[in-house]
1. With contacts defined as alpha carbon pairs under 8 Å and 6 or more residues apart, what's the relative contact order of the range 39-193 in percent?
2. Would you mind getting the accessible area per residue of the chain, heavy atoms of the protein chains only, 1.4 Å probe, in Å²?
3. Out of ALA109, ALA294, ALA65, any idea which swings most in a Gaussian network model of the chain, alpha carbons joined below 10 Å?
4. Taking all pairs of different Cα atoms in the range 291-346, averaging 1/r and flipping that mean, what Kirkwood radius in angstroms comes out?
5. Membrane-span-like helices in the chain: DSSP H runs reaching 20 Å or more (Cα, own axis), mean Kyte hydropathy at least 0.0?
6. Report the far tail of the P(r) of the range 148-277, meaning the percent of Cα-Cα pairs longer than 17 Å.
7. Do the sum for the chain: with -39,500 (n - 2.57) for every DSSP H run of n ≥ 4, divided by all residues, what is the mean residue ellipticity at 222 nm, to the nearest 500 deg cm²/dmol?
8. Leaving out same-chain residues fewer than 8 places away, which lysines sit with a Cα under 18 Å from that of LYS52?
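The values are calculated or read from the model by the stated rules, or taken from the named source; none is laboratory data. In this text, all values refer to a predicted model and were calculated from it rather than measured experimentally. We place every Cβ from the backbone using ideal geometry, glycine too, and count neighbours over all the protein chains shown. With ligands, DNA and RNA removed, areas are computed over all heavy atoms of the protein, side chains included. Shrake-Rupley method; radii C 1.70, N 1.55, O 1.52, S 1.80 Å.
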Amino acid sequence: MKNPVLLQVARWLTFASCAAIVVSISASQILLGLALAALLLSREKLQLPPIKLPLGLFLLGTLVAIAFSGNPAAGLPQVKKIYVFFQLLVVFSLLRDMALIRWLFLTWAALGSISAGLSFVQFAHKVQQAHATGTDVYSYYVGERITGFMSHWYTFSAEEMFVLIMLTSYLFFARAAQKRMWLWVAVALVSSLGLLLAETRGVWIATAVAALYLLWFWRPWLITLAPILVIAGFLFAPPVIRERLTSILHPGTLDSNEFRKVTWRTGLRMIERHPWLGLGPEMPRIHFDEYVPADIPRPLPVGSYMHLHNIYLHYAAERGIPTLLVFLWLMGQIIWDFWHGLRTLQPGRDDRRFLLHGGIAVVLAILVDGVANMNLGDSEVLTMFLVVVACGYLALEKDVNQPSSGATLAFHSAGDNTL
């Protein structure tokens, strides 16, 4: 028999866990554990989205790669990371109310703007420090960038990307966005500035791709203005931003282009030698020097060699090409399901439309950013991704509470998603 009190507790703990990820990974994961415990004790039906097969095969591929790596103990961090995937379970099982889901993403937006506001203070302090030491601002800043509430600038950048994509989708497609739109536009501008000042180029490009996708399905004629806005933004941007933009094509000695070439070439050699099961999770970091091509001069360019800075190369080198293909199947399945769901919606603004378009945009951003970053290897990024995916699949469920809005969903999810 269900316990309604524990069920309500589990629901709000899940909401809190999802919201807290913008502020603290520790708080989010503690709340996730409490939410999972309350869910189990409440005897509520456990449910997962209809991606159980590719998701299960991906996790199985990870465990098999660990088992055959020759050093299974080194892969334990990836076993522990499976805990993060319970976020998908608790969200899909408990947040079955569109109003609650909508407020979750608005909470992300509010917390993301506060994190961005903190980053402005950090940026001003770093500029002041550069001037005090007589160092060029770009040279001083590129290795010590703003982080907001996070411990690293990449995590901060990726979180602001998620916040902006979902908030933009809300503003473009949700009926409720017509109220207090000025407030949420202001919040979006604050987060946009934080993302810009973080100077994470892969995230810049990924966010731009996601924004173009959303713009195309909102007001496609505005796409023609994009080049003008980019040029104007470049001309009026501060020198530290312009230098970071030009470094994409014309890198200096401080930029990460050269060391990424080393990690990518090294990753390809790992894949050539271990195509089926890879070296094993965490092994590319441990055995990196053994696979560096002989024609690359030493010392290696300055940079982080903790991973391969490309999610496709890294998964293939770490877990094998079959597991990489399963990962691509998973991502493709999400896009396909969300797109199919969108095609069944009646015209007009609707919470389901904002969740499905936002979900597709997030997947596209992850795929684009994954060319230059091991993004889903970051627990904060993975958590936010799983929340977006779970909420997108909730938008396809006919039994999710939806405030009356004049727009209905004709999609009927196939199969029983109960565990």
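1. After rounding, I find 22 percent.
2. Values: 18550 Å² over 419 residues.
Value returned for the chain: 44 Å² of accessible area per residue.
3. Ranking ALA109, ALA294, ALA65 by mean-square fluctuation puts ALA294 first.
4. The answer is 14.4 Å.
5. Passing helices, by number: 4-20, 25-42, 52-67, 98-133, 153-173, 181-198, 201-218, 321-343, 351-369, 379-394.
6. 69
7. Result for the chain: -21500 deg cm²/dmol, rounded to the nearest 500.
8. Leaving aside lysines fewer than 8 places away in the same chain, those within reach of LYS52 are LYS81.
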